[in-house]
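A short write-up of the structure that comes next.
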Amino acid sequence: MSDSPRDQLALQLTEAVAEALRVDLTRQDNALLVVSGGSTPVPFFEALAACDLPWERLQVTLADERWVAEDAEDSNARLVREHLLQGPAAAASFVSLTTADATPEQGAVAVAERVAGLAWPASVVILGMGGDGHTASLFPDSQELPLALATDAPAVAVRSPSQPQPRITLSADRLHQARRHVLHITGDDKRGVLARALSGDDARELPIRAFLACPLATYWAP
């Protein structure tokens, strides 16, 4: 790993997450880590995979997923398997958010049951954020956004005009069920979006606002 600000940020986040997991495992049998996809978390995944943790007691799932095959190039599950669940970390229990059903609407109930069986509250939920203020698959242009923000169901099928594939996302309620929340973002544009989010409270405009009162530890690098 290089000494770039983004790689140093990934190392700082890794130390914080590993410590949180160790602390929680002193008082419970299993601990849950909820991660997000995209390119930003890759250095974090690789650094965490190298940590000395009791991986067989750890559960990993995703904040959201595209409704694609698990081996598809743009699958978040594939990203996690290739960059996090390597070496000793492969002993962790990974719970995906997809089924063999043709649509997320058909698979949502099965996914919700699977998710509900995990070790909630999560030790850490790590969120990303898009330039439109979305986090997980809570998109401002999605018809399902009000439902995903309000329901107590664990998972919601989502379609967004701005996204090529349908998706499934953990609901805001389920994502709130964590001991610690982290926002991991990079770039000046994302910092600007976050500043705009902090200046208002309408989560339907900028869905990241649903998590700003968690409290939310922000990890940012240029």
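The values are calculated or read from the model by the stated rules, or taken from the named source; none is laboratory data. Values in this document were obtained by computation on a predicted structure and should not be read as measured data. Note that each Cβ is placed from the backbone with ideal geometry, even for glycine, and that neighbours are counted across all protein chains shown. Ligands, DNA and RNA are stripped out before the accessible areas are found, and what is left, the full protein with its side chains, is counted by its heavy atoms. Shrake-Rupley method; radii C 1.70, N 1.55, O 1.52, S 1.80 Å.
Any residue at all in the range 112-122 that is surrounded by fewer than 24 Cβ atoms within 10 Å (Cβ to Cβ), at pLDDT 95 or above, in contact with a strand residue (DSSP E or B) (Cβ under 7 Å, 6 or more places away or on another chain) and farther than 15 Å from Gln59 by Cα?
Yes, because at least one residue in the range 112-122 is surrounded by fewer than 24 Cβ atoms within 10 Å (Cβ to Cβ), at pLDDT 95 or above, in contact with a strand residue (DSSP E or B) (Cβ under 7 Å, 6 or more places away or on another chain) and farther than 15 Å from Gln59 by Cα.
Quick one: in the range 192-221, which of the residues that are in a strand (DSSP E or B) and open to solvent by less than 40 Å² (accessible area, probe 1.4 Å) is nearest to Leu138 (Cα to Cα)?
Leu216
Between a first residue in the range 1-14 that is touching a residue at least 60 places away in the same chain (Cβ under 8 Å) and within 18 Å of Gly128 (Cβ to Cβ) and a second residue that is in a loop (DSSP other than H, G, I, E, B) and open to solvent by 70 Å² or more (accessible area, probe 1.4 Å), which pairs have beta carbons less than 7 Å apart while being 6 or more apart in sequence or on different chains?
Pro5/Pro222
Scan the range 24-42 for residues that are open to solvent by less than 10 Å² (accessible area, probe 1.4 Å) and over 13 Å from the mean Cα position of the chain (by Cα) and jot them down.
Asp24, Ala31, listed by residue number.
Given the criterion surrounded by 14 or more Cβ atoms within 10 Å (Cβ to Cβ) and more than 16 Å from Gln59 (Cα to Cα), identify the matching residue among Thr103, Thr98. Before the answer, list the steps.
Numbers: Thr103 fails: surrounded by 14 or more Cβ atoms within 10 Å (Cβ to Cβ).
The unique qualifying residue is Thr98.
Where in the range 26-116 are there helices (runs of 4 or more DSSP H), lying wholly inside it, with at least 1 residues that are within 23 Å of Thr135 (Cβ to Cβ) and in contact with a His (Cβ under 7 Å, 6 or more places away or on another chain)?
Where helices (runs of 4 or more DSSP H) fall fully within the range 26-116 and carry at least 1 residues being within 23 Å of Thr135 (Cβ to Cβ) and in contact with a His (Cβ under 7 Å, 6 or more places away or on another chain), they are 42-49.
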